[in-house]
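The values are calculated or read from the model by the stated rules, or taken from the named source; none is laboratory data. Bear in mind the structure is a predicted one, so any value in this text is a computation, not a measurement. Cβ: placed from backbone, ideal geometry, glycine included. Neighbour counts: every protein chain shown.
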Amino acid sequence: MLKQLLVRFLFFLSFFQITAQNFYQKATPDWVAPITPDYSATANGQESSGFYYLLLDDQYHAGEEAYYERYAYKITAKAGIQEMSDISIEFDPEYQRVIVHKLNVIRNGKIINKLIIDDFKIIQREEDLERHLYNGRVTAINHLYDIREGDIIDYAYTTIGRNPIHKGNFGTTFYLQHTVPIAQIHLAIFKPKDYFLDYKTKNGAPQPKINQIKDHTRYSWSATNTEAILYESNTPIWYFPAATVELSTFKSWAAVAKHYNSFYKISSQERSNIKREANHLIKDAQTRSDSLTALIRFVQDDIRYLGFENGLNSFKPSKPIEVLKRRFGDCKDKALLLSTLLQSYGIAANPILVNSTYGKNIDEKLPSPFAFDHCIVQYKTEQGKYAYIDPTISDQGGDLQTIYYPNYYYGLVLDESTTTLTKLEKAKKPKTSLIETFSLDQIGGGAVLDIETVYYGGDADDMRPYLSTNSTASIQKDYTEFYSKLYPNIKVNKEVEIFDDRKNNMIKVVENYKIDSLWQPLLDNEQIISTSFYPSTLENMLYPVTTSNRTMPYLVNETANFEHKTKVYFPESWNIKNESFNIHNPGFSYSYDIKYKNAALEIIHNYEGKKDYLEPNQVSKYLEAHKKIQNQINYQLTYDRSALDLSKVANAGYTLTISIIIFGILLSAIVCWFLFSTYDVPCNVKERWHQPIGGWVAFFGIGIVLTPIILLSTLIFNQDLHLTSSEWELLFSNNLGYGILGVLEVLYNSIYFVFSLFVAILFFKKRSIAPRMIIIMNTVAIIFFAIDSLLILEFNEELATAPAKQQAFLEIGVNAVRGLIVILYFSLSERVKHTFVKTLHQQENKQEFVNVSEPEMSSS
């Protein structure tokens, strides 16, 4: 208990010290230019959330690193009391202190002094905690009491101190217009005479007023009665139409790179130590490419993203050896570690600063390190081109040559030779391809739905975390719920299968469902039933955000690359016309194809983005083009019930199947009769050595007798051989090889059935040709089974998996061994020679000595 009280006491004591040393009250400094707000100003109906800003005043003393801020606003409604009654001031106690100058409430023209320094409570909010970043900044909060509608709150403070890592340099951007109306905006920079400062104005911002005050210069900008900027829907985040003032103390991008590159330098000794520590990471790699890929995987997946960015750490990375040992780091830490590892294995690599959100416009800004918020790695490929890796992205696929990276547009390479920004090459566009196959059992009935989705490149990277962090059952549940919106009575037929080829960065997801009822009657005519096919994966692309009277850029998805293919196999022929539809727009391209042949329908949609945004005058045509797609995206089939019964009768015949069976039986019967009545093998065994059927001959005879019985039951009961005319048509339309193979299987079983009867007759008649016929029958069975099994794997890619191939070869082997045992026995056995002695024609008795061995007395 005493220990807990002591800990609490020390905790509060530490905050008391922060308050006493870093947060206190003092008069406004002399260098601040006094600004008088107009307390009577009105917003002209533009109040935002019950308050209205009367003054925003920002002034910076470059020599003293002091930043003065003043805010004055009027509460215009009760909502404003809730929103604006708290004063909050954020700072870093490691190198900053805050001086509060005033805190007044003006009520009915009277000033009420609300500044009591002890009313401010210091808390550590860590707003970036969900991003696994700890910046050490604290917030001083004052919950004002007795605030009323109509009150004006006016407060000012100065933050002194900047991160010492910048050595007095700074860069920032100020806006002279905001998303709320403001009566007066004032900006001033107060700098020593010999202090370099560059500025840049954009979007109609005025040139500064320049005043010389002794050995200092003041630059100031003002704006009055600014209206709120109302951003239109789907505006790119990098677009800022406000009047803007940029400031920087850096003369060039080369100066920025030189200053911050010094924190990323690694000695050759440190690089050697890193390589020695990392050797175990690549011990199992077979090739150089595998080794480099293993290093990337380690930094991305095993070094967790976590940053303590207080003080110097906000711009200075940790030493790579420290990051390697502690197994965590922020983007700077991970980028320096990965680039060092790649360098140690002969790859030209460097950290490169980028902006993950506003990178598109960095080339238009003044040189400044504050233009960046992220760090990645630039490296040179074997082809001599530069490519990039984001070390903070986990679960990526591909290798050093193919890994996907987001488009950050521009970056600053941290290298001594850097003179300007680098324009990043775009990575290969990702792609998603989906094939859904509907196998209809009958018109008006259900269907089996097979879905195969393949993700490539960046799309695979985006999908992998979801697939790796959820169970198969959970994934199946999500997918089933998605498709149940289209097919309410859908049921899982086979559990979802996931194949992740991380080396080539490809993920395949295979689903299989049973839909009991695919068809619905039309509302106005129940005799007509219909079904429709809709490319659900394209829905987000095909229904963009609508807008009118556009004046701002419009955000579009440049990396979109989707193919959605629907295959429908009918149990009968349909009258469907082939057609195609194409749209080309500055923002995207789309194609739509209908292909029908041999009772099989294909519906193919392709959608690909072209650029990342559109100009306002391009948006209307972009939306019109999508409207055209929406009008024909749902493909519907209708069927008249009155024709359904006739269709069943017409297509239920087994003409082709029966014809093949009859042909096979007749052909085999003719051949067998010919052999039975003409073919003979002389017998050289004297009659006294003849033996009856027995021993192992009798054992094999059981199999010979059962063979025609098994084949007959196969022909009668195996539904795979009972194909109707429409099913034959469907089989051939799906795969010509499959169709031919089906014909051969029915023909083979028919011939083999008759031939097995023929062999059984020869067996019991003990004909001398029986052993040869048995050998021929088993040889053909071995060869046909092997060829049939291999062709099935060849024609069906879905079955050509490693386990399926292994099982097929195992079955081929077992069948071959079983057949070879029969073949060898009937080829070599003396019992066989002395049993099958009956010839077609009676042989003449020969008196000469015949060299035959004594018959075996065993039962073999």
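Could you say whether any residue in the range 778-788 is touching a Leu at 6+ places or on another chain (Cβ under 6 Å), surrounded by 18 or more Cβ atoms within 10 Å (Cβ to Cβ) and of a type outside the set (Ser, Thr, Tyr)? No; the residues of the range 778-788 include none that is touching a Leu at 6+ places or on another chain (Cβ under 6 Å), surrounded by 18 or more Cβ atoms within 10 Å (Cβ to Cβ) and of a type outside the set (Ser, Thr, Tyr).
Every condition in (1) at pLDDT below 95; (2) within 17 Å of the chain's Cα centre (by Cα) holds for ALA460 except the one numbered (1).
Among the residues making up the range 519-563, those that are among the small types (Gly, Ala, Ser) and in a strand (DSSP E or B) are SER530, SER532. Pick out the one residue from ALA760, ALA698 that is within 19 Å of LEU824 (Cα to Cα), outside the structural domain of TRP574 (by TED's automatic domain parsing) and modelled with pLDDT of 85 or more. Exactly one residue qualifies, and that residue is ALA760.
Is it the case that SER368 is touching a His at 6+ places or on another chain (Cβ under 9 Å) and of a type in the set (S, T, N, Q)? Against the criterion (touching a His at 6+ places or on another chain (Cβ under 9 Å) and of a type in the set (S, T, N, Q)), SER368 does not qualify. Are any of the residues in the range 679-688 assigned by TED's automatic domain parsing to the domain that holds PHE763, hydroxyl-bearing (Ser, Thr, Tyr) and in a helix (DSSP H, G or I)? Within the range 679-688, not a single residue is assigned by TED's automatic domain parsing to the domain that holds PHE763, hydroxyl-bearing (Ser, Thr, Tyr) and in a helix (DSSP H, G or I). Quick check, is ILE769 more than 43 Å from the chain's Cα centre (by Cα), surrounded by fewer than 18 Cβ atoms within 10 Å (Cβ to Cβ) and over 21 Å from THR714 (Cα atoms)? Against the criterion (more than 43 Å from the chain's Cα centre (by Cα), surrounded by fewer than 18 Cβ atoms within 10 Å (Cβ to Cβ) and over 21 Å from THR714 (Cα atoms)), ILE769 does not qualify.
Among strands (runs of 3 or more DSSP E) entirely within the range 573-646, having at least 2 residues that are outside the structural domain of TRP238 (by TED's automatic domain parsing) and among the β-branched types (Val, Ile, Thr) singles out 600-609.
Of the strands (runs of 3 or more DSSP E) lying entirely inside the range 341-412, those containing at least 3 residues that are modelled with pLDDT of 95 or more and surrounded by 22 or more Cβ atoms within 10 Å (Cβ to Cβ) span 349-354, 374-380.
If I filter the range 257-276 for residues that are within 25 Å of SER394 (Cα to Cα) and exposed (fewer than 13 other Cβ atoms within 10 Å of the Cβ), do I get at least one hit? The answer is yes; a qualifying residue exists. Residues that are of a type in the set (S, T, N, Q) and within 30 Å of the chain's Cα centre (by Cα) were ranked within the range 546-574; the one that is surrounded by the most Cβ atoms within 10 Å (Cβ to Cβ) is ASN561. Applying a threshold of 7 Å to beta carbon distances and a minimum spacing of six or more residues, or different chains, the list of pairs starting in the range 677-700 at a residue that is surrounded by 13 or more Cβ atoms within 10 Å (Cβ to Cβ) and ending at one that is part of a helix (DSSP H, G or I) and aromatic (Phe, Trp, Tyr) reads TRP696/TYR825; PHE700/TYR825. The residues of the range 445-492 that are in contact with a helix residue (DSSP H, G or I) (Cβ under 7 Å, 6 or more places away or on another chain), surrounded by fewer than 17 Cβ atoms within 10 Å (Cβ to Cβ) and of a type in the set (Val, Ile, Thr) amount to a single one, VAL492.
Taking the criterion of being part of a strand (DSSP E or B), touching a Lys or Arg at 6+ places or on another chain (Cβ under 8 Å) and surrounded by fewer than 18 Cβ atoms within 10 Å (Cβ to Cβ), the only residue of the range 78-100 that qualifies is GLU90. No other residue among LEU542, LEU523 is more than 30 Å from SER289 (Cα to Cα) and touching a His at 6+ places or on another chain (Cβ under 7 Å) apart from LEU542. Of the residues screened, ALA285 is one that is under 36 Å from the mean Cα position of the chain (by Cα), small (Gly, Ala, Ser) and part of a loop (DSSP other than H, G, I, E, B). When the range 147-174 is filtered for residues that are of a type outside the set (A, V, I, L, M, F, W, C) and either assigned to a strand (DSSP E or B) or without any contact (Cβ under 8 Å) to a residue 24 or more places away in the chain (or both), the ones remaining, listed by number, are ASP154, TYR155, TYR157, THR158, THR159, GLY171, THR172, THR173.
When we screen ILE189, ILE122, ILE160 for residues that are at pLDDT 90 or above and over 28 Å from TYR260 (Cα atoms), the only hit is ILE122.
Within the range 413-437, which residues are under 25 Å from the mean Cα position of the chain (by Cα) and either assigned to a strand (DSSP E or B) or of a type in the set (Val, Ile, Thr) (or both)?
LYS431, THR432, SER433, LEU434, ILE435, GLU436, THR437
Within the set PHE196, PHE250, the sole residue that is in a loop (DSSP other than H, G, I, E, B), more than 30 Å from GLU615 (Cα to Cα) and either among the basic types (Lys, Arg) or in contact with a Pro (Cβ under 6 Å, 6 or more places away or on another chain) (or both) turns out to be PHE250. Checking each residue in the range 63-77 for being under 47 Å from the mean Cα position of the chain (by Cα) and either not assigned by TED's automatic domain parsing to the domain that holds GLN177 or not in a strand (DSSP E or B) (or both) picks out only GLU65.
Restricting attention to the range 530-557, report how many residues are of a type in the set (Gly, Ala, Ser), in contact with a strand residue (DSSP E or B) (Cβ under 7 Å, 6 or more places away or on another chain) and closer than 16 Å to SER484 by Cα.
Count: 1.
Condition first: assigned to a strand (DSSP E or B), touching a strand residue (DSSP E or B) at 6+ places or on another chain (Cβ under 9 Å) and closer than 25 Å to ILE266 by Cβ. Can you find one or more residues in the range 449-456 that meet it? Checking the range 449-456: not a single residue is assigned to a strand (DSSP E or B), touching a strand residue (DSSP E or B) at 6+ places or on another chain (Cβ under 9 Å) and closer than 25 Å to ILE266 by Cβ.
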